[in-house]
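A.B. asks: One structure is given below, represented as structure tokens, and several questions about it will come after.
Rule-based calculations on the coordinates, nothing more; no lab input. Since the model is a prediction, treat every value here as computed from it, not as a measurement. Cβ sites come from the backbone with ideal geometry, for glycine too, and all protein chains shown count toward neighbours.
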Amino acid sequence: MTTEDRQYYVYIIECSDCSLYTGYTADIDARITKHNAGLGAKYTRGRLPVTLRYVEVLDSKSSALKREYAIKQLTKQQKLSLIGG
């Protein structure tokens, strides 16, 4: 698979303290596993386990980074609306 063919994912996970974390990755399953192993973002390490609540598929890293930034600008209530919770 070439870089042009790769899919990227923007995701929201819910931490054990009910906080939300937004990130992006090229391998969603591996990333969630990494978070739950305590090897993901520093923010999630003390808030395990995490649960995947939302995923968007994008066709480029640039698009994923822009979407991640846009989601991070939302309030928690807006994020909950996005994930349907």
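A.B. asks: Considering each of K66, K61, K72, K34 in turn, give the residue that is touching a Phe, Trp or Tyr at 6+ places or on another chain (Cβ under 7 Å) and of a type in the set (K, R).
C.D. replies: The unique qualifying residue is K61.
A.B. asks: Something else about it: Restricting to region 1-53, name every residue that is of a type in the set (D, E, K, R) and touching a strand residue (DSSP E or B) at 6+ places or on another chain (Cβ under 7 Å).
C.D. replies: Matches in region 1-53: E14, R31, R53.
A.B. asks: Can you name the residue in region 33-69 that is without any contact (Cβ under 8 Å) to a residue 40 or more places away in the chain and within 15 Å of Y8 (Cβ to Cβ) and, of all such residues, is nearest to the chain's Cα centre (by Cα)? Even if it seems obvious, please write down each step before you answer.
C.D. replies: At the first step, the residues of region 33-69 found to be without any contact (Cβ under 8 Å) to a residue 40 or more places away in the chain are 33-51, 62, 66, 69.
After this cut, where a residue has to be within 15 Å of Y8 (Cβ to Cβ) as well, the list is 62, 66, 69.
Details: S62: 15, K66: 13, Y69: 11 Å.
The extreme case among them is Y69.
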